[in-house]
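Notes for the one structure printed next.
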């Protein structure tokens, strides 16, 4: 099993939105960064991911999701009416992928980015390093366990 952190702006899709979906499952679509896409392609069913609210007043980790379905073509890239349309992506040569995520747990509080940055145990965590803006990041077992202990 591997661990991940997946970011979403809560105005676009929040942990509460995920909680309201049938079976609390939703495709994680719209990733348009090649490195983040490649991370999604590495995900396996059953992997766990922190749900991270980004670009908001209180950015931070708000819960845990499970990868419910491994990577498959993100057909929103093929839909001219979608905000995620990519004219260079075709059915024969898709550029973008998505996974399905399922809610495991919503935390009682947000573990804020500010708090995470104060923890020396997380000094090597990509999220707290300057300039890291990827929407999907790998998390080590040690980092996962430490962050879980903060809630």
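Quick one: in region 114-151, of everything that is within 13 Å of residue 52 (Cβ to Cβ) and part of a loop (DSSP other than H, G, I, E, B), which residue is modelled with the lowest pLDDT?
132
Quick one: is residue 81 on the phi > 0 side of the Ramachandran plot and part of a loop (DSSP other than H, G, I, E, B)?
Taking the combined requirement at face value, the residue does not satisfy it.
Looking only at region 36-48, which residues are free of Cβ contacts under 8 Å to residues at least 40 places away in the same chain and within 23 Å of residue 85 (Cα to Cα)?
Once the filter is applied, which keeps residues that are free of Cβ contacts under 8 Å to residues at least 40 places away in the same chain and within 23 Å of residue 85 (Cα to Cα), region 36-48 yields only 38.
Testing residue 147 on (1) touching a strand residue (DSSP E or B) at 6+ places or on another chain (Cβ under 9 Å); (2) more than 24 Å from residue 25 (Cβ to Cβ); (3) surrounded by 15 or more Cβ atoms within 10 Å (Cβ to Cβ), one condition comes back false. Which one is that?
Against the list (1) touching a strand residue (DSSP E or B) at 6+ places or on another chain (Cβ under 9 Å); (2) more than 24 Å from residue 25 (Cβ to Cβ); (3) surrounded by 15 or more Cβ atoms within 10 Å (Cβ to Cβ), residue 147 comes up short only on (2).
Could you tell me which of the residues 23, 33, 93 is surrounded by fewer than 17 Cβ atoms within 10 Å (Cβ to Cβ), farther than 29 Å from residue 128 by Cα and touching a residue at least 60 places away in the same chain (Cβ under 8 Å)?
23
The values are calculated or read from the model by the stated rules, or taken from the named source; none is laboratory data. All of these numbers come straight from a predicted model, not from anything done at the bench. Glycine also receives a Cβ, built like all others from the backbone with ideal geometry; neighbour counts cover every protein chain displayed.
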